[in-house]
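For reference, the structure is listed below as structure tokens.
The values are calculated or read from the model by the stated rules, or taken from the named source; none is laboratory data. None of the values given here were measured: they were computed from a predicted structure. In this analysis, Cβ positions are derived from the backbone assuming ideal geometry, glycine residues included, and neighbour counts consider all displayed protein chains.
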Amino acid sequence: MGRILAIDYGTKRTGIAVTDELQIIASGLTTVETSGLMDFLRDYIGKETVEKVVVGEPKRHSNEASESEKYIQKFLVTFAKEFPALAIERVDERFTSKMAVRTMIDSGLKKKQRQNKALVDEISATIILQSYLYNR
């Protein structure tokens, strides 16, 4: 059984989370500059057995796609060409950034640490992955 990789795609930074090999526990992996995302994924997927990729789907309160969806769609086309054998699933990512900040507060991180947007992105990816694991 391979890992499930979650991506919280952003135009500047992308948060990445991953499961263990038994697909039970979701853990934050890293945050990468989006310009280097495909290089990171090539390297990671080349080293680890990844069974599936879960990508956050940003929606508005009205359930319509957010403006950032057009960038994610371009990424998904590129990803599918690069990794045609990997299944891609989408997960509603509404409120994950707010939940990530709440998690940081509840964890006792100081205000300066909570302003680390890369950490917020990584935690958001973890929340997306946990949501996927819970609802599958």
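One table, with the values for the structure above:
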item: Number of positions in segment 1-45 that are within 21 Å of GLU93 (Cβ to Cβ) and among the acidic types (Asp, Glu); result: 2
item: Residue within segment 25-43 that is touching a residue at least 12 places away in the same chain (Cβ under 8 Å), over 14 Å from ALA125 (Cβ atoms) and among the β-branched types (Val, Ile, Thr) present; result: no
item: Residue list for segment 102-136, filter: loosely packed, with under 12 Cβ neighbours inside 10 Å and either modelled with pLDDT of 90 or more or under 16 Å from GLY56 (Cβ atoms) (or both); result: TYR134, ASN135, ARG136
